[in-house]
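Notes to accompany the following structure.
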Amino acid sequence: PEETYIMVKPDGVQRGLVGEIISRFEKKGFLLKGLKLFQCPKDLAEEHYKDLKERPFFPKLIEYITSGPVVCMAWEGAGVVASARKLIGATNPLQAEPGTIRGDLAVQTGRNVVHGSDSPENGKREIALWFKEGEICEWVPAQAPWLRE
Ligand code: GTP
Ligand code: MG
């Protein structure tokens, strides 16, 4: 099944936006398979964002992501990766459409409240990186027949 790694970044946790952000994915109809509050160590942040290592903002990005607890989530569903990126909105919150999480709740790229995997491969990679075995639940919600034919 297709999976994506969604994370409420430290600013989202500090600003009390955890419930609001979880709610958007829950209401849409995706399946929550993993959820935890977590203080990210520096080496994990560096591994997660390794593709951005050469960018000038990389040290600040690592400092930001490790500055306080994050909320780690694994969500499942056909098309969930691209759909979650749409729900999240553009990287720069000033360019993000109203109605998206960043469009509604943030004003700067360096404090854009949430992360979402950019491909199904990275969804799998990131869930394996942030969750241990036993932290992911495979389950079928009672409302499943009312979400998909
Ligand atoms: P993620 O879902 O967090 O991966 O964001 P994204 O896929 O929309 O953007 P990208 O992967 O290109 O960048 C990862 C994160 O690095 C962004 O979400 C920002 O938090 C941060 N970032 C990207 N570009 C900049 C920048 O120019 N300045 C700063 N300060 N941070 C940046
Ligand atoms: Mg990204």
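General remarks:
- Annotation: of all residues in region 106-120 being more than 13 Å from ligand 2 (Cβ to nearest atom) and either without any contact (Cβ under 8 Å) to a residue 60 or more places away in the chain or assigned to a loop (DSSP other than H, G, I, E, B) (or both), the one that is nearest to residue 23 (Cα to Cα) is 113.
- Matching residues in region 21-47 - criterion: being without any contact (Cβ under 8 Å) to a residue 60 or more places away in the chain and of a type in the set (A, V, I, L, M, F, W, C): 22, 30, 32, 35, 37, 40, 45
- So residue 147, is it more than 13 Å from ligand 1 (Cβ to nearest atom), surrounded by 11 or more Cβ atoms within 10 Å (Cβ to Cβ) and within 25 Å of residue 17 (Cα to Cα): no
- Among the residues examined, residue 87 qualifies as within 16 Å of ligand 1 (Cβ to nearest atom), touching a Lys or Arg at 6+ places or on another chain (Cβ under 6 Å) and not aromatic (Phe, Trp, Tyr).
- Within region 54-105, the set of residues being assigned to a loop (DSSP other than H, G, I, E, B), more than 15 Å from ligand 2 (Cβ to nearest atom) and buried (at least 19 other Cβ atoms within 10 Å of the Cβ) comprises 77 only.
- Any chance residue 71 is touching a residue at least 12 places away in the same chain (Cβ under 8 Å) and either within 12 Å of ligand 1 (Cβ to nearest atom) or more than 16 Å from residue 12 (Cα to Cα) (or both): no
- Filtered residues of region 54-100 (kept if more than 21 Å from residue 132 (Cα to Cα) and among the polar types (S, T, N, Q)): 67, 83, 91, 92, 95, 100
- When region 121-144 is filtered for residues that are within 16 Å of ligand 2 (Cβ to nearest atom) and open to solvent by 80 Å² or more (accessible area, probe 1.4 Å), the ones remaining, listed by number, are 121, 124.
- Top-ranked residue of region 14-50 - restricted to ones that are part of a helix (DSSP H, G or I) and in contact with a strand residue (DSSP E or B) (Cβ under 6 Å, 6 or more places away or on another chain), ranked as surrounded by the fewest Cβ atoms within 10 Å (Cβ to Cβ): 18
The values are calculated or read from the model by the stated rules, or taken from the named source; none is laboratory data. Note that the structure is predicted; figures quoted are calculated from it, not measured. Note that each Cβ is placed from the backbone with ideal geometry, even for glycine, and that neighbours are counted across all protein chains shown. Keep in mind that these areas ignore ligands, DNA and RNA; they rest on the heavy atoms of the full protein, side chains included. Shrake-Rupley method; radii C 1.70, N 1.55, O 1.52, S 1.80 Å.
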